[in-house]
Amino acid sequence: QPEKDSLLTHTASFTTIQWIDSTFQDLGSVKEGPEVDISFKFKNTGNKNLIIENVTASCGCTVVEKPQQPFQPGETGTIKAKFTTDGHTGTNNKSIYVIANTKETTNQELKFRIVVEKS
């Protein structure tokens, strides 16, 4: 049985991505309890469709949402996540990993920092 062909093996279909705001967000301080929404905006700056193959987080306290559809050249999109503050008091430095058909590296790392204060 042939292995499923990964998009990431076809370098001719690679494109470029621009993170519109930043790949790092400092979310400041919040009280423990509610979930915090995080979003990283991007733009497909290449000439091929941008395909987000996978999105993962550095720990279970961050739940990520993977965009399902491809992004056409010039189109913008958002990587969304929710961070659970409950049980995570103190300074949290977390990463979100995006795997896409992007030149240079198929691994994009997004980082955020949040300080959770006891409620």
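The values are calculated or read from the model by the stated rules, or taken from the named source; none is laboratory data. Note that the structure is a prediction, hence the values are computed from the model and not measured. Glycine also receives a Cβ, built like all others from the backbone with ideal geometry; neighbour counts cover every protein chain displayed. The accessibility values were calculated without ligands, DNA or RNA, using every heavy atom of the protein model including side chains. Shrake-Rupley method; radii C 1.70, N 1.55, O 1.52, S 1.80 Å.
Tabulated data
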{"item": "Hits in segment 3-30 (condition: of a type in the set (D, E, K, R) and at pLDDT 95 or above)", "result": "26"}
{"item": "Extreme residue, modelled with the lowest pLDDT, among residues of segment 64-119 that are touching an Asp or Glu at 6+ places or on another chain (Cβ under 9 Å), assigned to a loop (DSSP other than H, G, I, E, B) and of a type in the set (Gly, Ala, Ser)", "result": "119"}
{"item": "First in segment 102-117 and of a type in the set (Phe, Trp, Tyr), second anywhere and part of a strand (DSSP E or B) and open to solvent by less than 10 Å² (accessible area, probe 1.4 Å), Cβ under 6 Å, 6 or more apart", "result": "112/38"}
{"item": "Count - residues of segment 31-45 that are open to solvent by less than 80 Å² (accessible area, probe 1.4 Å), charged (D, E, K, R) and either closer than 22 Å to residue 88 by Cα or at pLDDT below 95 (or both)", "result": "1"}
{"item": "Residue in segment 75-83 that is out of contact with any strand residue (DSSP E or B) (no Cβ under 6 Å at 6 or more places or on another chain) and either under 22 Å from residue 21 (Cβ atoms) or touching a residue at least 24 places away in the same chain (Cβ under 8 Å) (or both) present", "result": "no"}
{"item": "Hits in segment 46-56 (condition: crowded, with 17+ Cβ neighbours inside 10 Å and part of a loop (DSSP other than H, G, I, E, B))", "result": "46, 48, 51"}
